[in-house]
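Colleague: I'd like to ask some things about the structure below.
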There are 4 protein chains.
Amino acid sequence: MARVEIGQQLGMSPASVSDLTASLLDEGILVADETGESGAGLLRGRPKVRLTFADTLGSVIGVWTGFNRIELRLVDSAGRNRASRHIERPLRNLAAEELMDVLAETITAFARETGAPDVKAIGLACQGYVDTRDGIVAWSPVLGTRDIPLAAGLGQRLGLPVLIENDASAMAFAIAQRHTELRSGRTACLMVGDGVGLGFLIQGELYRGARFGGSEFGHVRLRRSGPQCRCGGRGCIEAFLADYALHRDAQLIDHRPAPTVLIPGEDAMDAIVAQARAGDTALSGLFREAGEVLGDAVSILIQTLEPDHIVICGPGTRAMDLLRPSFETALESQTIPELRALATIQVVESSMDLLTEGVVMQALRELDYGLARLKAA
Amino acid sequence: MARVEIGQQLGMSPASVSDLTASLLDEGILVADETGESGAGLLRGRPKVRLTFADTLGSVIGVWTGFNRIELRLVDSAGRNRASRHIERPLRNLAAEELMDVLAETITAFARETGAPDVKAIGLACQGYVDTRDGIVAWSPVLGTRDIPLAAGLGQRLGLPVLIENDASAMAFAIAQRHTELRSGRTACLMVGDGVGLGFLIQGELYRGARFGGSEFGHVRLRRSGPQCRCGGRGCIEAFLADYALHRDAQLIDHRPAPTVLIPGEDAMDAIVAQARAGDTALSGLFREAGEVLGDAVSILIQTLEPDHIVICGPGTRAMDLLRPSFETALESQTIPELRALATIQVVESSMDLLTEGVVMQALRELDYGLARLKAA
Amino acid sequence: MARVEIGQQLGMSPASVSDLTASLLDEGILVADETGESGAGLLRGRPKVRLTFADTLGSVIGVWTGFNRIELRLVDSAGRNRASRHIERPLRNLAAEELMDVLAETITAFARETGAPDVKAIGLACQGYVDTRDGIVAWSPVLGTRDIPLAAGLGQRLGLPVLIENDASAMAFAIAQRHTELRSGRTACLMVGDGVGLGFLIQGELYRGARFGGSEFGHVRLRRSGPQCRCGGRGCIEAFLADYALHRDAQLIDHRPAPTVLIPGEDAMDAIVAQARAGDTALSGLFREAGEVLGDAVSILIQTLEPDHIVICGPGTRAMDLLRPSFETALESQTIPELRALATIQVVESSMDLLTEGVVMQALRELDYGLARLKAA
Amino acid sequence: MARVEIGQQLGMSPASVSDLTASLLDEGILVADETGESGAGLLRGRPKVRLTFADTLGSVIGVWTGFNRIELRLVDSAGRNRASRHIERPLRNLAAEELMDVLAETITAFARETGAPDVKAIGLACQGYVDTRDGIVAWSPVLGTRDIPLAAGLGQRLGLPVLIENDASAMAFAIAQRHTELRSGRTACLMVGDGVGLGFLIQGELYRGARFGGSEFGHVRLRRSGPQCRCGGRGCIEAFLADYALHRDAQLIDHRPAPTVLIPGEDAMDAIVAQARAGDTALSGLFREAGEVLGDAVSILIQTLEPDHIVICGPGTRAMDLLRPSFETALESQTIPELRALATIQVVESSMDLLTEGVVMQALRELDYGLARLKAA
């Protein structure tokens, strides 16, 4: 965190911030990072003048809940990754209370087993429409219940502050922390993976809509009468591009035995990509179609939001070489050239790790500001 | 079989036919059916003046091969159904020789266990493009190999004549035998079930194309960028209407546990239909979309073939009440009214039984003509 | 006309035909064509042993009615083209009686001005659904009225037999006369020009549907929510491929001044094609899209009719070089390869002249048979 | 303008603003509006405590340029409409310099003929992508040239400050001034008329993208292989909903004589709407299809921007009764219900007048702030 950011957030003059940080450095709460290197942990703040919190001020646990798995990550107050865990667990059929019980137990066990020191907060990211102010998962394609008060429910069970976020927004936040230039202007991050989501940043801050959520861009209907989507609609962007969609269609082409899970793992997806790269006509066709949809989707973002930056990220970027030809053709054929020319388009290869990183960073930032506010008071 | 038909087929004058049939009645080969009733067996020939073969002249076995099952039926020379059997057996992964071994064993066991008297011929129907003259399955969505010489291969193994046919053509033939009026003019039978197929009859005889096959109408692409089809294409008629397609999409909506088979059984389909009838919005949407595709498909048939009759048949008719509103809207909205007015449109509820009936009837007819030719010589 | 054809048509033995033709040759009604050359006129009958009618037995006038023009052609009894004429005349807004008056006057004037000797019959081709038995234009996109008894109405006015035919069927007939191989097996002729039509031949004879018409294949809906078509539907094959459609879309791209006619002339179409060939991106896009639709259309024909031959003909073939890349991609991507391999696909460059030629040949054939029947009686 | 707004804009404390406004009221520059009524002129600022500028401080001219017409409006410094004019003039084929000459002459003549007192500024709105900071029309579907420096070019010719704006943004701004509640939260205004555009407001201020433009949402491709659009693409929202698109398609259905202009006038559109309301099937179909596209478009806005308010405005609202059934079906069928529930959806019937009003208000606001800044300095 740079001094200027602290100042902006707290509404303090640079001079007051300098006084405050000097005091915090003295007390060992802040540590000056002279190297400018990012080290093994998370990248927080701008290079050059960097102050990090000491790693002894407690830790934060980041959680991602998917259709049938939970990802966990333990990070210390300096932003260093201390432990992570992948748990296979079907969540879809749980009622709201059960879901919160399961998550609380899982988090507690993870903290105990990793010897997590002084956990200060939980950050949780999930697919779907998340009311970030009230901490409610209004709707999620991977949960069977609607309007789950997840932040309050988990908070009560764990006795800790819980921040929840849409997963694409969390990843967008994490990426913008790593890539400084994405924090100026408007940046639209399209995350492709288990689903398709959008995190939209204006000057580095997440755009918030009417209910403090992010968008559900992945469920925009791009092809009337297209393939079925998990949301109940048809022809959504996600129904072409998400791992589950590609896997579903690949399975039909190959007449493979039916899978035992609806959501494929990384190995299954790698196998499909490898087979398409090896020249399988029908599987190549899947990626050609998906690439066309990706091009149309980015075209919509460009023509609706006039962004400075487009980022394509998430595990789905593993097949970017297969998606690219039809992606570019679709994008060029349909976008006003003057608008197209405005936006940089970057592909950031990124696993689901970046999700938990993103939500941890958001939680840490809240803690930082809370701490700074306390000191400043 | 009516005398006039025998005459037409053999190129004999009515008088000569009368002499011949009198002789065959004397010998007990033909039996006059005075009732005009169809009895328990198959309907063969026109009502009124009916001659049937005696039931002591041997029998025929009809077979249908699906993705993971085999249907068998034993019929005597009078057209009466004697036994039938349903066998679950994955066929898709078998090589051509293995497939023919399995089928030969299955048929032999069935004949033995049912005490089939003096089997004269085998009729076999399957999905896909079937060269009926040379007895070759050129391509089938349910078989892993192409260009299988099924008639010759099975014939050698069983020592019997084997007739093979596309399954929708077999069903069309069976239906036309039951419904006299469908044997005059042009009749397009759209079979909806495991897949979607077309049997097209001109004056009661199956239309044959360049390779003596039927059509692959189910794989007409109706919606570019539509759902994935088993043939490797996208947006085929089948990819909306076939049981496997409806089941695949229903499963995604419900997030049910994954099935252990790709092709759903009758129970699974009934459950989906019941849930849609009970008002489930997303499932109703599936049938609305499928109905629209059915309307477009029938419109293509009307505008391409100018038929006198359209028949919608097969197990998929179980949900005709759910399909009908959007079917009719699509049909009306897109078809030249003058052409639309020409064709009667009938729904014939029909299980897969009708398939084996159809192929048995074709085999019996071949035998009949062979026998009659022999006698006439 | 070859002796064997006469025999087949009249149900006479070859010997009786020889007697008859010898007599007709003596009388000067038939003329033996020793060269085997087609000469300047029409090609009628098979090569090798050719008998043509003498050119002194009268003549036939062929007529084509389009949206705003009439094409006329005078042919003598030997099949030689004697005169032709192109008349610009809006027909769309005429009531049925007016239309028939205009046509009768136009034909009479043409016959008078060209000194047509002893006109025996009129052959008239038009777009739309034509009941060829009763001589009724049931519906046409270029006429404002439905169910016009054109054959009877014109026949009364002119005192001559009038044969009417769908224009794509007439062109298919003409092409099959010129290309012997297209008269064996099943030949689907897709005519692209003012509209899109299908003429389907089985063993050289036009397929007739329930009302003795041809198909309205051009109005098959290939793209739901596609461009508006003249028939009132959307996304019809014609709405992408017909001259009027390409011209409409080109005009919008270019913001040219609005045209004074809805249906463009040959010059206007040539200009669009030239501009696209010169590299205009948006205009090239029109042909790419049209080519894709053409590929899907041919795929439907192949998968529905299993034809031996596909012919793409009509003025729209002028841009076949621009249509071909996307045509082939679409066709390959969507058609079962075994079916695709069965059909030859030929492009026959052909102007609207071939239309009037086709309908004249049909009228001549009717006259020939009538004459032969008379003599044979 | 309310005191609190002035304070926010100028970064002054409420107390300082009170001092400033008291002084301006004394000088006769500001006038207190005690009635709270909007009077004959424009609505500016919040009700209750309203200060308006005196009408003697000069005037502003608002201009809208369409495909073949110019709309002009004269407004005084109190926001009262003094005169307006409609001029038919093709602009599409003009080069950049010619265009600016024509506009300068037209504006000068209008000012002279209306006796415009002391014109202070020009506000100009047009379709297309407008760089509002540098005053450049980067691209417009109604202009033949790209990157026109319209603000500078007109400014030089007229010797006045010129503000340019995308027309949908101008209308959105005007509507938000009239409807207070639309100035809180996020408001997406979809303008339907000559084209389709989007004005997006956050807390009452226009969202600006990378080049200070608005969106080109009307050119989002909603239907691959859909109708041709003016932008060179296919299946854009505009290609279904804009007046030119409805008129083009209606014309084809009716086979009316071709129009002499590409862009229909209000009378032509009213005639089409009346005919559809009277039950014309094909014309009703146009509005059904357009309504479905409108529903999908609003669904995209909801799922991408999570807005508090959706406004459908512009002349195209004249047919809202015809659009509504399919609009609602499409919107409900495709939008996540939780997101759908967040946004109010309003239809604001509005002619092109509102466009010039919007751009005038923006220009006036700039003047106001300039004046206030001057006084505050």
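No value in this document is a laboratory result; all are computed from the given coordinates. Since we're looking at a predicted model, the values are computed, not measured. Note that each Cβ is placed from the backbone with ideal geometry, even for glycine, and that neighbours are counted across all protein chains shown.
Colleague: Dipole magnitude of the stretch A:125-189 about its Cα centre, charges +1 at Lys/Arg Cβ and -1 at Asp/Glu Cβ only, in debye to the nearest 20?
Modeller: The calculation lands at about 120 debye.
Colleague: On alpha-carbon atoms, Rg over Rh for the stretch D:211-328 using Kirkwood Rh?
Modeller: Dividing the radius of gyration by the Kirkwood radius yields 0.97.
Colleague: Please give the FRET efficiency for C:Tyr369 paired with C:Arg112, using the beta carbon to beta carbon distance and R0 = 25 Å, rounded to the nearest 0.05.
Modeller: It comes out at approximately 0.30.
Colleague: Could you please state, rounded to a whole Å, how far the C-alpha centre of the stretch B:134-187 is from the C-alpha centre of the stretch C:81-132?
Modeller: Cα centres, the stretch B:134-187 to the stretch C:81-132: 50 Å.
Colleague: Can you tell me the order of A:272-279, B:224-231 when each peptide is scored by its average per-residue count of other Cβ atoms within 10 angstrom, highest first? Spell out each step's value before the answer.
Modeller: Values: A:272-279: 15.4, B:224-231: 24.8.
Per-residue mean Cβ counts within 10 Å order the peptides as B:224-231, A:272-279.
Colleague: Once the Cα atoms of the stretch C:159-287 are picked out, what are the Rg and Dmax in Å?
Modeller: 17.2, 54
Colleague: Using the Kirkwood radius over Cα pairs, work out the Stokes-Einstein diffusion coefficient for the stretch A:115-235 at 25 °C and 0.890 mPa s, in µm²/s as a whole number. Provide the component values of the computation, followed by the final result.
Modeller: Values: Rh = 15.4 Å.
Reported coefficient: 159 µm²/s.
Colleague: A further question on this structure: What ³J(HN,Hα) values, in whole Hz, does the Karplus curve 6.51 cos²θ - 1.76 cosθ + 1.60 give for the stretch C:325-339 when θ = phi - 60°, with x put for Gly and Pro?
Modeller: Using θ = phi - 60°, the values come out as x, 6, 4, 5, 4, 5, 5, 5, 6, 10, 9, 4, x, 4, 6 Hz.
Colleague: Additional query: What gaps in nm, shortest first, separate C:Pro117 from its twins in the other copies when you place the label 7 Å past Cα toward the beta carbon?
Modeller: Output for C:Pro117: 7.7, 9.3, 11.6 nm, nearest copy listed first.
Colleague: Moving to a separate point now. When all C-alpha to C-alpha distances in the stretch D:64-156 are sorted into bins of 10 Å, what percent of pairs does each bin hold, rounded to whole numbers?
Modeller: 16, 50, 30, 4
Colleague: What percentages make up the Cα-Cα pair-distance distribution of the stretch D:293-367 when the bins are 5 Å wide from 0?
Modeller: Per 5 Å bin, starting at zero, the Cα-Cα P(r) for the stretch D:293-367 comes out as 3, 15, 21, 19, 15, 12, 8, 5, 1, 0 percent.
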